[in-house]
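Please read the structure below before turning to the comments.
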Amino acid sequence: MSVFANMWDTVTTNRKVGGLFPNDEDGRAWSDDKNGIPALLSPRNYGVVPSGFYRNLGDDFSAVIAKFKAGGCEIVSGAPLPPDFTTFWTQARQQGFRPKAASIAKAILFPAAVEVLGDAALKTSPDRKAAAYFNSAPAGRRGSGLGHIELKQILPTRLAHCLIFTSDVHGAIGYYEKVLGLRLSDHSGGNVAFMHGVHGSDHHLLALARSSGPGLHHCSWDVGSIDDIGRGALYMADKGYKRGWGVGRHTIGSNYFHYVQDPWGGFSEYSCDIDYIPKGFLWNARDFADEDGLAFWGPQPPADFVHNYEMDPDARLPA
Ligand SMILES: [Fe+2]
């Protein structure tokens, strides 16, 4: 906390700090009058306006923002869960609350939580493995909350990779090595191949699958957690897009996934926790057996999962 206060001392503010205190162990520890931030900041002449214990994974921070605005807070601190900070920060901007400083523990350890802020945050391409958030509760608490979680549109943090069809997987590997400097991560014979960039990259930015000709198989969208994969699939099914494949985990790339088929036969993949290949790291590409080409675990894929509808436009999607 003294590090935070040292930073705030370099900014001209009214020294009023909005405290984001979730209703969990962290929130209670941070807000504690004797050992929490009010006691630590008081000798530094900072005052804390507490948020009140708000429910984790909530959708509406209006009441908290109103408190901070009414309290004249020019600084925000606390220990929110990553998705909650994203929600809070987005709504704070929408509601005209723009603190001069925000020093947040826990939530901004996760790049994914910052990246979804879009133009409200400095955007950078990932230069480290995108953290996946696992919503685990401590003993004695319910990890899934207190009942039914409402359907929610899941917004991806970024476009992670694409898989394209090609009639010549080995030829395409050579082409992308030569023109873009991509490197082979892994492959399964001449059926599928996965390539990464040299500046530090997800296991694959581009994947190739053998077909009779060109086509786009899927775009993969990174989300922050397995919960978001499941909730994204639920939301899409509720909107009528029930065809797909998942939830499962890939062997090659190791990411968790759920694919949703679009009306034209292609797929959108909700994905998290894909392997990462650091800059300058020598990754030994492996040739995986056919049966490892699709999944480490998961349900059977639909019969048309690798059907190239672009080469077969008259084909009907399964009912
Ligand atoms: Fe993928």
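Which residues, counting only those in the range 20-44, are out of contact with any helix residue (DSSP H, G or I) (no Cβ under 9 Å at 6 or more places or on another chain) and in a loop (DSSP other than H, G, I, E, B)?
Result: Asn23, Asp24, Lys34.
When you look at Leu206, is it assigned by TED's automatic domain parsing to the domain that holds Ser185, within 12 Å of the ligand (Cβ to nearest atom) and touching a residue at least 24 places away in the same chain (Cβ under 8 Å), yes or no?
yes
Among the residues of the range 53-68, how many are assigned to a loop (DSSP other than H, G, I, E, B), buried (at least 18 other Cβ atoms within 10 Å of the Cβ) and at pLDDT 90 or above?
1
With the requirement that a residue be closer than 18 Å to Asp84 by Cβ and either of a type outside the set (Asp, Glu) or not assigned by TED's automatic domain parsing to the domain that holds Gly71 (or both), what does the range 18-43 give you?
Hits for the range 18-43 are Gly18, Gly19, Leu20, Phe21, Pro22, Asn23, Gly27, Arg28, Ala29, Trp30, Ser31, Ile37.
List the number of the failed condition for Ala132; all other conditions in (1) buried (at least 19 other Cβ atoms within 10 Å of the Cβ); (2) assigned to a loop (DSSP other than H, G, I, E, B); (3) at pLDDT 90 or above hold.
Single failed check for Ala132: (3).
Which of (1) of a type outside the set (Ser, Thr, Tyr); (2) surrounded by 14 or more Cβ atoms within 10 Å (Cβ to Cβ); (3) assigned to a strand (DSSP E or B); (4) within 14 Å of the ligand (Cβ to nearest atom) does Leu184 not meet, given it meets every other one?
(4)
Name every residue in the range 259-279 that is part of a strand (DSSP E or B) and within 11 Å of the ligand (Cβ to nearest atom), in order of residue number.
Tyr259, Phe267, Ser268, Glu269, Tyr270, Ser271
Right, Asn284: within 16 Å of the ligand (Cβ to nearest atom) and among the polar types (S, T, N, Q) or not?
It is false that Asn284 is within 16 Å of the ligand (Cβ to nearest atom) and among the polar types (S, T, N, Q).
Any residue that is at pLDDT 85 or above, more than 16 Å from the ligand (Cβ to nearest atom) and in a loop (DSSP other than H, G, I, E, B) - is there at least one of those in the range 144-152?
There is at least one residue in the range 144-152 that is at pLDDT 85 or above, more than 16 Å from the ligand (Cβ to nearest atom) and in a loop (DSSP other than H, G, I, E, B).
Among the numbered criteria (1) within 16 Å of the ligand (Cβ to nearest atom); (2) in contact (Cβ under 8 Å) with a residue 40 or more places away in the chain; (3) out of contact with any Asp or Glu (no Cβ under 7 Å at 6 or more places or on another chain), which single criterion is violated by Gly213?
The number of the failed condition is (1).
Determine if the range 210-224 includes at least one residue that is surrounded by fewer than 20 Cβ atoms within 10 Å (Cβ to Cβ), over 18 Å from Phe305 (Cβ atoms), within 16 Å of the chain's Cα centre (by Cα) and modelled with pLDDT of 95 or more.
Checking the range 210-224: not a single residue is surrounded by fewer than 20 Cβ atoms within 10 Å (Cβ to Cβ), over 18 Å from Phe305 (Cβ atoms), within 16 Å of the chain's Cα centre (by Cα) and modelled with pLDDT of 95 or more.
Ala137: at pLDDT 75 or above, in contact with a helix residue (DSSP H, G or I) (Cβ under 8 Å, 6 or more places away or on another chain) and not hydroxyl-bearing (Ser, Thr, Tyr), yes or no?
no
Which of (1) surrounded by 14 or more Cβ atoms within 10 Å (Cβ to Cβ); (2) not in a loop (DSSP other than H, G, I, E, B) is the odd one out, the single condition Glu291 does not satisfy?
Only one criterion in (1) surrounded by 14 or more Cβ atoms within 10 Å (Cβ to Cβ); (2) not in a loop (DSSP other than H, G, I, E, B) is unmet by Glu291, namely (1).
Look through the range 237-258, keep the residues that are crowded, with 18+ Cβ neighbours inside 10 Å and of a type in the set (Phe, Trp, Tyr), and return whichever of them is nearest to the ligand (Cβ to nearest atom).
Among residues in the range 237-258 that are crowded, with 18+ Cβ neighbours inside 10 Å and of a type in the set (Phe, Trp, Tyr), the one nearest to the ligand (Cβ to nearest atom) is Phe257.
Between a first residue in the range 242-267 that is of a type in the set (D, E, K, R) and a second residue that is within 12 Å of the ligand (Cβ to nearest atom), which pairs have beta carbons less than 6 Å apart while being 6 or more apart in sequence or on different chains?
Arg249/Tyr256
Could you say whether any residue in the range 303-310 is within 28 Å of Ser167 (Cα to Cα), surrounded by fewer than 19 Cβ atoms within 10 Å (Cβ to Cβ) and either in contact with an Asp or Glu (Cβ under 8 Å, 6 or more places away or on another chain) or hydroxyl-bearing (Ser, Thr, Tyr) (or both)?
no
The values are calculated or read from the model by the stated rules, or taken from the named source; none is laboratory data. Note that the structure is predicted; figures quoted are calculated from it, not measured. Quick reminder, even Gly has a Cβ in these numbers, built from the backbone with ideal geometry, and neighbours come from all protein chains shown.
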